[in-house]
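My structure is below; once you've seen it, I'll send some questions.
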């Protein structure tokens, strides 16, 4: 800005000097009161001082504004460009702030993101970056998930990962998934069916010509291990002297590093002895070397063979649920884990020991596995009635308190079915009336 100085002039030669300047487009004239030019110049400076100060203030204000504009431009230049939706998952994988998830978890996250990004492309093509996803858009997508009739567990996995991705990549921005509530889990809709002793025997018969799967099923049923841990078990986990298995389950190994100790029951011990019989035990070797190789190459291949075995044993592995779009798996390798918890409970094993073996920390999680099916409940009831039904394979002696505890977990419809079956089976033997047996559980 040009400095304002004022212009000196005389109206007539030898007359008084005047100061003239422009103020906001108007002419300003003021007399210096002297005919002497040197004195007039000093008085001009005094007259112009207020205007000069205003000019300096304007200059400073303009400088401040320019400085702020420069800072804003620099900040924008340093900001990372908006994250494109199509590249967001790759950025999540590379982020040092993300959770240390295993390969299978990251695979699941990838599938969740693929579904979301496809939905955005089809329904909101105007949203190209993460920061363009609003709470309203997120809410509409959540309704789309609900309409897909997926399970509550799957729904929560989708919602939780989307919320996690935003919190990692846009931690300083509002999270559009923050206020979306999880759905209540309905374990009855998707949980595996419990096997009774007859079904378990049928399953073993279905694989009697395949020693690997025959041994695997017995080990799963009498250790409570998940499939991944049983298939990849090393001989170093087996202590024949103490009859104990020691290993860290894969599901919790990365997060907790927790080691569990499993007593080797007779059936499992027989399998392990037969598989190492006549060989020099290699601690680094696999108990199931061929199955381990297949599993590491194609995790789904083992599950497919197990599904076929269940079908040959007369069990439909899937069932339709009205609230779900797809049929759910009700029989599989995990059924043998449920079988272990059920028979271990029936045998009177303390719940603390069962929780330690299965890796569960709460009774509520354990109850999810204690699925006392009608057939098994009938068998337990018949033991009390004295009919001498064969005991569950290799189970310890069942005590009355354990059986009554199991019966207490049945609802009225299941109790009615048990009562009916007991009556039919013991009527001809003049045994204890089933009605009295059921009444002991405190239910009617």
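Distance in nm between label sites at residue 304 and residue 86, each 7 Å beyond Cα in the beta-carbon direction?
It works out to 3.3 nm between the two label points.
Roughly what would the spin-label model give for residue 269 and residue 297, points 7 Å off Cα along C-beta, in nm?
Placing both labels 7 Å beyond Cα along the Cβ direction yields 3.6 nm.
Going by average Cβ density within 10 Å per residue, which order do the peptides 236-243, 9-16 take, highest to lowest?
236-243, 9-16
Based on alpha-carbon centroids, what's the gap between segment 117-171 and segment 7-47 in Å, whole number please?
Using only Cα atoms to place each centre, the spacing works out to 75 Å.
Follow-up. Calculate the spin-label point distance for residue 45 paired with residue 139, positioning each point 7 Å from the Cα along the beta-carbon direction, and give it in nanometres.
Using points 7 Å along Cα→Cβ, the separation is 7.0 nm.
Full extension from residue 312 to residue 34: what is 0.36 nm times the residue separation minus their Cα-Cα distance, to one decimal in nm?
87.8 nm
Let me have the relative contact order for segment 85-185, percent, based on Cα pairs under 8 Å that are six or more residues apart.
Details: 63 pairs, mean separation 35.4, N = 101.
Over segment 85-185, the number comes to 35 percent.
Using the beta-carbon distance between residue 123 and residue 276 and R0 = 56 Å, what value does 1/(1 + (r/R0)^6) give for FRET efficiency, to the nearest 0.05?
0.45
Cut-off is 10 Å between beta-carbons; in what order do 22, 233, 315 appear when sorted fewest neighbours first?
22, 315, 233
All of the numbers you see were taken from the coordinates with simple rules; none came from a lab. Computed from a predicted model, the values in this text were never measured in an experiment. Virtual Cβ from ideal backbone geometry, glycine too; neighbours counted across all protein chains shown.
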